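We did not get these values from a lab; they are worked out from the coordinates using the rules stated. Please read all numbers here as calculations on a predicted model, not as lab measurements. Counting neighbours? That spans all protein chains shown, and the Cβs are built from the backbone with ideal geometry, glycine included.
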Amino acid sequence: MRMNDLANSPMTANSSSGRIDFNTPELQRKRRIRALKDHLARWYVMIGGLSVLGAITLIFFYLGYVVFPLFQGAELTEKKVQSPAWLQQDAGKPLLLAIEEQNQVAMRVSDKGEVIFFATKSGDEIKRVALPLPAGATVASIGQAQAGNNLVVLGLSNGSALVFKHSYIVTYPDNHKTITPGLEYPYGEAPLVIDPQGRALEHVSLSATDETMLLGASSGSELLMLSLTSEENMMTGETTLTQDRIALPQIAEPIKALYIDPRQQWLYVLNGRAQADVFNLRDRTLNGRYKLLEDADAEVTASTQLLGGISLMIGNSKGGISQWFMARDPDGSSRFKHIRDFQQGDSPIVQINPEERRKGFVALDAAGELGIYHSTAERTLLVEKIVDGKGALALSPRANRLVVEAGTELHPLSLKNPHPEVSFSALWGKVWYESYDEPKYIWQSTAANTEFEPKLSLAPLTFGTLKAAFYAMLLAAPLAVAAAIYTAYFMAPRMRRKVKPVIELMEALPTVILGFFAGLFLAPYVEGHLPGIFSLLILTPLGILLAGWGWSRLPDSIRLRVPEGWESLTLIPVILIVGTFALGMSPYMENWFFGGDMRLWISHDLGITYDQRNALIVGLAMGFAVIPNIFSIAEDAVFSVPRSLTLGSLALGATTWQTMTRVVILTASPGIFSALMIGMGRAVGETMIVLMATGNTPVMEMNLFEGLRTLAANVAVEMPESEVGGSHYRVLFLSALVLLLFTFIMNTLAELIRQRLRKKYAAL
């Protein structure tokens, strides 16, 4: 420092000792300000870091809060036991109990031919209706249509059947909701003759559509079928019923129950101790006879159809319940197959009631224990004793209210069971869904029909996420890391100052633009130029290697004209020439080798599915989006390698390539690994590109030419249409939690590995 500078500085010289005084008031004030700034910066960084950790923790807790109810069981609350006056009298044996949708009115059908409507809250009688039975005829059996349909059929002792429908009219007199129950007879009040011989119908069943109704009945081991077809006169509007008797092969064993599927194709006849005969109603033949139980001492004691009528739930005398439905064998023939089992206890199952809106059901056994189940999730939600001994059970359409009649008492119960569809096996395992040939991983959360079976497997979504990330990293990782090493180690500083910002600027490009470009332009272009695209991927590295070999063979007088570090510019025309050649030759190669259409050749000759928006498009588009992330971090890591290490290696006689491979890359390996992991995290969490460029097909195929659906894209697509608080809504939050956990675990492992690499190569 010059003397005049010292004279102008706040420091003062001590005239007696000749020393400089560093404790002037101005210097002390600057030290205090600097110390205050350091203190504030330290607190700012600490608070900011803790806030980030707190925000992540709160996100975890919130996602867990939304997801946790999915895995809770059912809750059953018993209300006050009722002893209504009408039940103390001779009300007859209960054949059917039912509750209307608002849970205010219940219906009881007895073997005396009476229908009693009563209030579910108090048990008081609301209305009593005597059914129009023929003189001398009694009720021998009862049957219902599929769950959700209020049609009921009574089998009578004179061989006829009475079909009626219970309905409930809601009115609001004086702003007070009133439900008025009643009965309708859509096929007339006169019973339909099923058995001309007048024998009692021991079992009845029906299936009705807008035009046709099938009635099935049995007397002993004899099977009877009647088809009623309604035809409307376009001129007069009159409806004419046409009856047709269906002749089927007879049953050898006494019949226990019979069911008709809603498509009116199959008739299921349970007979003997544990046997089912399945008939094809369209060609009126026997499909097969199936053994329902392996235990010779057990027998079928209860049965019902699940919502939609496709599945049969069959209870046995050992407390077990099994699910069966028709599925195709590998040879294409339909067979009645055993799907899954539930075990309630040791007492015989006496009644099974299906839910009207889900694939769940409740079962009551002879000991008075009630079991609550869901078939698809293969989940037992609750088993609890509610009465002593047997009883008659009713389940409300919303599956939130039950009424059990035991003796002369009514036991009302409140049921809370919001999310039975979800279980670990339903989310991550193969599930055998109705009408499928085998167990599969499927995501299909909604459908147009009310009998839909939700398919909530997260396996294809997780697989699609990893598949998209794999193909994106397959393209991005080699290009980005190689470019980072070359830019940081070989490229001239002046050129590096231009190239690096340009590549980093690519990161600012909105991904929605990339997805739009990939879906609307890149996908059809690749489909029309498949030979050229694959030729480009092969010829480009070969062309670069050939150009490098040719460059090394040129005379020094030519090579030295290009400044050191600028040689990469000579590759630009090489890449342009190779690209033009490959894409220009694409139609000719397609005609020479693939019969004019490579896509058809892939689909027909190789048997590989080809979707226009596929994993190849995702790899190209998302790889382009990930390259800047990996490049920037990896380039900084390589450039930060101390210059002394490089110069020392070169001074000891190592070549530039040896120095790069054995010193620079090893030293920079923690940073390069971090770059790859951050790029992987970006690829896993990407939404817009995979949303617009994949077709969003949730399949588990590694096929490069097939589409996919990722967790992030699935949340973006389906969250707006999900019901808040519903199972679908919470499963989407579970998808987000899985994605967050995956990213968190990957980043944690990446940091551990990075620290280990840093410690290992710190001595270099």
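Overview of results
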| item | result |
| --- | --- |
| Sequence of ARG328, ARG754 once ranked by neighbouring C-beta atoms within 10 Å, starting from the fewest | ARG328, ARG754 |
| Where labels lie 7 Å past Cα in the beta-carbon direction, separation of GLU507 and ARG34 in nm | 3.3 nm |
| Exposure proxy ranking, count of Cβ atoms within 10 Å, fewest first, for GLU253, GLU686 | GLU253, GLU686 |
| Whole-angstrom Cα spans of the range 133-291 along principal axes, big to small | 60, 39, 32 |
| Extended-chain gain in nm, criterion 0.36 nm per residue less alpha-carbon gap, LEU560 and SER230 | 109.3 nm |
| Furthest towards positive pole of dipole, GLY198, TYR172, SER141, structure part the range 133-291, Cβ charges | SER141 |
| Computed label-point distance, nm, for sites TRP43 and ILE59 using a 7 Å Cα→Cβ extension | 2.8 nm |
| Sparse-neighbour loop sites [GluC sites (Glu not before Pro); the range 554-642; at most 15 other C-beta within 10 Å; DSSP] | GLU564 |
| Mean ellipticity per residue at 222 nm, deg cm²/dmol - from DSSP H runs of n ≥ 4 across the chain, formula -39500 (n - 2.57) | -11500 deg cm²/dmol |
| Cross-link partners of LYS112 among aspartates and glutamates (Cα-Cα below 18 Å; sequence separation of 8 or more within a chain) | ASP90, GLU125, GLU189, GLU202, GLU405 |
| Linear extension gain, ALA447 paired with ASP331, 0.36 nm per residue minus alpha-carbon span | 38.9 nm |
| The chain: angle of helix 665-685 to the longest principal axis, Cα-based, in degrees nearest 10 | 30 degrees |
| Compactness of the chain - radius of gyration and Dmax, Cα, Å | 38.4, 139 |
| Loop-resident sites, the range 50-111, for trypsin sites (Lys or Arg not before Pro), counting at most 13 other Cβ within 10 Å (DSSP) | LYS80 |
| Aspartates and glutamates with Cα under 12 Å of LYS467, excluding same-chain neighbours fewer than 8 positions away | GLU701, GLU706 |
| Debye equation applied to the C-alpha atoms of the range 269-428, log10 I(q)/I(0) at 0.12, 0.13 Å⁻¹ | -0.55, -0.64 |
| Test item: Cα-centred dipole of the chain, Lys/Arg +1 and Asp/Glu -1 on Cβ, debye | 4940 debye |
| Estimated distance in nm for a label pair at THR655 and ALA135, the labels positioned 7 Å out from Cα along Cα-to-Cβ | 11.6 nm |
| Loop GluC sites (Glu not before Pro), the range 708-764 (other Cβ atoms within 10 Å of the site Cβ: 14 or fewer; DSSP) | GLU723 |
| Modelled label reach - THR209, point 7 Å along Cα→Cβ, the range 248-282 residues with backbone N closer than 19 Å | 259-268, 279-282 |
| Angle in degrees between helix 727-760 and the longest Cα principal axis of the chain, rounded to the nearest 10 | 30 degrees |
| Set LYS127/LYS385; LYS359/LYS430; LYS359/LYS416; LYS291/LYS359; LYS291/LYS440; LYS337/LYS359 screened for pairs whose C-alpha atoms are more than 20 Å apart | LYS127/LYS385; LYS291/LYS359; LYS291/LYS440 |
| Relative contact order, percent, the chain [alpha-carbon distance under 8 Å, six or more residues apart] | 9 percent |
| Separation of alpha-carbon centers, the range 98-143 and the range 34-83, rounded to whole Å | 52 Å |
| In Hz, Karplus ³J(HN,Hα) per residue of the range 642-653 (6.51, -1.76, 1.60; θ = phi - 60°; x = Gly, Pro) | x, 4, 5, 5, 5, 5, x, 5, 5, 5, 7, x |
| Residue-count net charge about LEU226 - beta-carbon cut-off 14 Å; Lys, Arg +1, Asp, Glu -1 | -1 |
| Pairwise centroid distance, computed over Cα atoms, of the range 594-622 with the range 166-197, Å | 59 Å |
| Difference of contour (0.36 nm per residue) and Cα-Cα distance, PHE593 to LEU749 | 51.5 nm |
| Exposure proxy ranking, count of Cβ atoms within 10 Å, fewest first, for LYS359, LYS337, LYS759 | LYS759, LYS337, LYS359 |
| Mean Cβ neighbour count within 10 Å, used as a protection proxy, ranking 91-99, 577-585, 602-610, 313-321 highest first | 313-321, 91-99, 577-585, 602-610 |
| Förster-model FRET efficiency, 51 Å R0, SER51 and LYS385, C-beta, rounded to 0.05 | 0.45 |
| Positive dipole terminus of the chain, leading residue within PRO573, PRO720, TYR259 (C-beta point charges) | PRO573 |
